[in-house]
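**Q** Got a structure here, written out as structure tokens. Questions coming.
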Amino acid sequence: MTSFHGPATFAPNAATELQLLPLRFERLGANRFLVANFVGDLLLLNEEELDRTVSLAIAPGDGLYERAFEKLLVTRKKQRSQLQLLALRLRSRMSFLREPTPLHLFVVTLRCEHSCPYCQVSRRSAERDRFDMSEELALRAVDVALSAPPPRIKIEFQGGEPLLNFELVRKIVGAVHERAPARNKTVEFVIASNLALLSDEVLKFCQENDILLSTSLDGPADLHNRNRPRPGGNSHELAVAGIRRAQKVLGRSRVGALMTTTEASLTRVEEIVDEYLSLDLDGIFLRPLSPYGFAIKTKQFERYDGAAWLAFYERGLRYIIEVNKRGRYFLEFYAALLLKRMLSDRPIGYVDLRSPAGIGLGALVYNYDGKVFASDEGRMLAEMGDRTFELGDLQKDGYRSLVLSDKLVGLIGNTLAQCAPQCSSCAYESHCGAEPVYHHATQGDAVGIKPLSEFCARQKGVLQLLFEILDSGGEDAAVLRRWASG
């Protein structure tokens, strides 16, 4: 028993004058059911309470009725306020659709001096400059990005290692400053770099242009250097030095780090978190490996499953909660994103948690060779020979022809989770995303068979963990609620 839906959902009960509103539920145990309303508010019921709710064997004054009414699971016959409230809340949750494509990723080079075995982007060696984006293509990409509807957009420079083509980054930023005012655009910049090539010149440029830095930090020196090798074996030393210099020059909040979980990380989550704490970073994103690029070629992706990552994640989350209880405000960023979905109706910018999917509508990716992709993961697939998510070419396409193309419309058309098989009946649907590129990569189908999806298993595992902590109350729940309101 996983859901209750269909025509009977709205059938009134003449005796009680009640109607059942749309709901979904998930069995958590022998006599525990997690029940969700249409916008994802969650309620824990036993089997007898669930049966009474769906059969409308409840009435005003009954404690169960009050709980079900508060959670928008039932309403009075002919009373429209509950339905109107659900509609307003759904509109708020999906308001990101009003301003499509706020994020634009410029792959200014595919070259990199690191040789990470899990690299998702199939990087090229540092001396092969034919994998650099040309100035002509870069300026065309600037015009496409500035044609997007939102008044505020973000441009992120990626690679490879974008500092290997820093002069082009400089030219793009200059061109944006020249052209954005005429389009009434405010533009935020991010450079995603391993920081090994971070110079005083780059830092000064970032300071003058208010550019954020995002880097990779996989944990203590031995683990980071194993995951992210480079000539000289000093990747960790350079990353840590770069973080500290950037914090000093740009400010603590202007540099962030991401980690990737490898097989070697699974027993060391506390050490990884401690490394971030020692660098006075705001938080950590406990990311699993993705099925793209060298992570597939080197079989890194196959070395642990969803259950192993969930055990790693739970141990890490509970450790981070303890850190917060000792007085240090420190986020697990993925939990914070999900908690905002669970505890509010605010739309979030994270494209992987959107329905319909964030491909094209959430971001566009301009590759070094001029090809334009619906997502960064789609670009990664193209480097593996699969061009399913390639939308066009900067040489001939503009913003409208890219986002209104039959190809993008066709890709997005199957990504509304509310209509997808098994997503539509899942209690966690409102807090999840479609992830069509992941499912295409792992199953050959953008919708995917959800019982076989590790993305689905991870999502359910994390969401259930968060709900259990919130439901238990106390200090742990208070920490999570602070994250959601931040």
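The values are calculated or read from the model by the stated rules, or taken from the named source; none is laboratory data. All values derive from a computational prediction rather than experimental measurement. So basically every Cβ, Gly included, is an ideal-geometry build from the backbone, and we count neighbours across all protein chains shown. SASA here: full protein model, heavy atoms, side chains in, ligands and nucleic acids out. Shrake-Rupley method; radii C 1.70, N 1.55, O 1.52, S 1.80 Å.
**Q** Residue-wise, which Karplus ³J(HN,Hα) couplings in Hz belong to segment 437-450, taking 6.51 cos²θ - 1.76 cosθ + 1.60, θ = phi - 60°, and x for glycine or proline?
**A** Running phi through 6.51 cos²θ - 1.76 cosθ + 1.60 with θ = phi - 60° gives 5, 4, 5, 5, 5, 9, 10, x, 8, 5, 7, x, 8, 4 Hz.
**Q** Taking the full set of protein chains and a 1.4 angstrom probe, give the accessible area of Met384 in square angstrom, rounded to the nearest 10.
**A** About 80 Å², rounded to the nearest 10.
**Q** Sorted by mean Cβ packing within 10 Å, highest first, what order do the peptides 37-48, 464-475, 353-364 take?
**A** The packing order, highest mean first, is 353-364, 37-48, 464-475.
**Q** Would you kindly compute the Cα radius of gyration of the chain and its largest Cα-Cα separation (Dmax), both in Å?
**A** For the chain, the Cα radius of gyration and maximum Cα-Cα distance read 23.7, 78 Å.
**Q** Let me ask something else about it. Using amide H atoms built 1.01 Å from N in the peptide plane, name the residues 5+ places from Gly392, or on other chains, whose amide H lies under 5 Å from its own.
**A** Val372
**Q** Considering only protein heavy atoms, what is the solvent-accessible area of Met380 at a probe of 1.4 Å, reported in Å² to the nearest 10?
**A** 10 Å²
**Q** Let me ask you something else. Helix 235-250 versus the longest principal axis of the chain: what angle, 0 to 90°, nearest 10, using Cα atoms?
**A** With both axes taken from Cα atoms, the answer is about 80 degrees.
**Q** Tell me the carbon and sulfur percent of the accessible area for the chain, rounded to whole percent, probe radius 1.4 Å.
**A** 51 percent
**Q** Go through Lys78/Lys450; Lys248/Lys340; Lys396/Lys450; Lys325/Lys450; Lys154/Lys248 and tell me which ones have a Cα-Cα distance over 26 Å in this structure.
**A** On the way: Lys78/Lys450 37 Å; Lys248/Lys340 31 Å; Lys396/Lys450 38 Å; Lys325/Lys450 36 Å; Lys154/Lys248 24 Å.
The answer is Lys78/Lys450; Lys248/Lys340; Lys396/Lys450; Lys325/Lys450.
**Q** Now a separate question. Can you list residues whose amide H is under 5 Å from Leu331's amide H, if they're 5+ apart or on another chain and H is modeled 1.01 Å from N?
**A** Answer set, sorted by chain and number: Gly283, Ile284.
**Q** Jot down the per residue volume, in cubic angstrom and as a whole number, of the convex hull over the alpha-carbon atoms of segment 415-483.
**A** So the per-residue Cα hull volume is 88 Å³.
**Q** Moving to a separate point now. Normalised by the number of residues in the chain, what is the relative contact order in percent for Cα pairs under 8 Å and 6+ residues apart?
**A** With pairs under 8 Å counted, the relative contact order is 16 percent.
**Q** Quick one: Karplus J couplings for segment 404-409, per residue in order, coefficients 6.51, -1.76, 1.60, θ = phi - 60°, nearest Hz, x for Gly and Pro?
**A** Working through the residues one at a time gives 9, 5, 4, 5, 5, 4 Hz.
**Q** Another question, if that's okay. Evaluate the charge dipole of the chain about its Cα centre and quote only its size in Debye, nearest 20, assuming +1 on the Cβ of each Lys and Arg and -1 on the Cβ of each Asp and Glu.
**A** In debye, rounded to 20, the chain gives about 960.
**Q** Another question, if that's okay. With a 1.4 Å probe and every protein chain left in place, work out the accessible area per residue of the chain in Å², rounded to a whole number. Please report the intermediate quantities before stating the final value.
**A** Details: 19880 Å² over 486 residues.
Computed with neighbouring chains in place, this is 41 Å² per residue.
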